[in-house]
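Single-structure report; data block below.
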């Protein structure tokens, strides 16, 4: 008989696009997955086979898990962290999937949560909610891990293994580096997609003709359909870095060399 | 015997991404297509069966065509217009596919070219050159026609029929309306794609991590690979409207309501 590696039981808190996709991907990889969300979402996740069990409370979800994944909004993840720390088993690893890492990583350090490792899969979509989730969302994507000096190496290994089990490639950054990088690669693009669409809609001539836009305009404004309340949180959490990246973008728009599009 | 409609012979001047795709699409629809470009491109187009004949000179290409399609850059299209007007057969229809319409339409009116109709297929791609051309490029896309008060109705019908033969849907605008609309839907997105990529590359931290960008960043910067010399011409030709649209974008980026991304 071949010895089988025991796959950790994972609690996923928040079963929206990202949490729902994590649950589905880990179920497909053979993990026991305990999901927690509002009752209607729990029922949908159970019915879809995305979770092994649906827990009616945060404590019930977290209490028997080897790894806890916080997949609500950045602000809610931070708010839940103390309760998760109390309810988690000794030795349980805690991670999150929020788009901003400095705040929650500092919180975890403050609470003495040595088995916390921040994470951020680079695999968003403009769709949201459990109905948009998919077991393939992370396949071939990067999953950024942001341990700080106090994170236990075994915790980093555990989260890295989960990312791999979902088909993602793990890359390690400091929380500070992460927040700066995603301001350029994710947060400013989101702001731009809204601004580009709002700008075309605000012009009385262009607004009547939005339908003739080619595929490039649609690609560049697809993110405008992203959920605004979530994004307001993300942008507020990463305010300083987004400001820096927007200032850089404004310089690039003025740059007479390089792109040479000065007009 | 069923009477067969005679399909017009079309001269395509410039066999790059758009001209090459027009030649392929019209050949596939049964038209006789005479192509003109540099010798190496002519050979490639002949070898690919994208043209029925390759003409060594502009005059030879234009002289036996029912419809002449100018598919070089906007500035070159304008420069070729007087010679095309002299070489074209009486009654031949002339159109172009440039991204800016006011200049060339005013030129055509000045030269008394009543059978000229400006055109602009909304089907660009970041790839360029004959090698990137495809008979399907225009399928399901809009083809903007910009007749002005002096364009002969028969010429508008002829160009509309060609657009339809290529699978496109024709829509009529004035040259002025066109230039304003595409500034918002095409020219500013192009400038933004360059600026977004240049901005991320200019940040010493983000530049090292461009590879972790998710699909949204790649969608939003795909146009940055578009040919710069062509785009410098387009932006210079449509300077006033692009300025207006960029000013509108800057306002949208500051807008505290609507998008609510003020940070």
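Brief remarks follow.
- Measuring nothing but how far apart in sequence close Cα pairs (under 8 Å, 6+ apart) lie, relative to its length, segment B:127-213 scores a relative contact order of 27 percent.
- A straight line joining the Cα centroids of segment A:198-226 and segment A:15-37 runs 35 Å.
- Residues A:156, A:188, sorted so that the one with the fewest Cβ neighbours within 10 Å comes first: A:156, A:188
- Model label sites at residue A:126 and residue B:64, defined 7 Å from Cα along the beta-carbon direction, differ in position by 4.9 nm.
- Residue among A:180, A:27, A:232 with the largest mean-square fluctuation in a Gaussian network model of chain A, springs linking Cα atoms under 10 Å: A:232
- What the Cα atoms of the protein assembly as shown give is an Rg and a Dmax of 28.1, 89 Å.
- Simple label model, 7 Å out from Cα along Cβ direction - residue A:176 to residue B:225, nm: 3.6
- Label point 7 Å beyond Cα along the C-beta direction, distances from residue B:114 to other copies (nm, shortest first): 9.1
- Computed from the C-beta positions of residue A:29 and residue B:201, the FRET efficiency with R₀ = 45 Å rounds to 0.80.
- Segment A:89-212: mean projected area of Cα convex hull, nm²: 10.1
- Each of A:125, A:24, A:7 was scored by other Cβ atoms within 10 Å of its Cβ. Listed from fewest to most, they are A:7, A:125, A:24.
- For chain B, built as a Gaussian network whose Cα springs stay under 10 Å, the top-fluctuating residue of B:119, B:129, B:149: B:149
- Computed on segment A:136-176, with alpha-carbon pairs under 8 angstrom and 6+ residues apart, the relative contact order is 60 percent.
- Ascending count of other beta-carbon atoms within 10 Å, so fewest first, for B:210, A:197, B:185: B:210, A:197, B:185
- Residue B:202 label point (Cα plus 7 Å toward Cβ) to equivalent points in the other copies: 2.2 nm, shortest first.
- Given R0 = 41 Å, the distance between the Cβ atoms of residue A:236 and residue B:240 translates into a calculated FRET efficiency of 0.65.
- Distance between modelled label sites at residue A:89 and residue B:218, nm, 7 Å Cα→Cβ extension: 3.8
- Scattering profile of segment A:20-147 at q = 0.17, 0.19, 0.22 Å⁻¹ [log10 I(q)/I(0), Debye over alpha-carbon scatterers]: -0.90, -1.14, -1.50
- A Förster distance of 60 Å, applied to the separation of the beta-carbon atoms of residue B:164 and residue A:114, puts the FRET efficiency at 0.35.
- Rg/Rh for segment A:1-94 (Cα atoms only, Rh after Kirkwood) is 0.98.
- At 7 Å out from Cα toward Cβ: residue A:150 inter-copy label distances (nm, ascending): 7.7
A short reminder: the numbers here are calculations on the coordinates, not readings from a lab. Because the structure is predicted, anything quoted here is derived from the model rather than measured. Quick reminder, even Gly has a Cβ in these numbers, built from the backbone with ideal geometry, and neighbours come from all protein chains shown.
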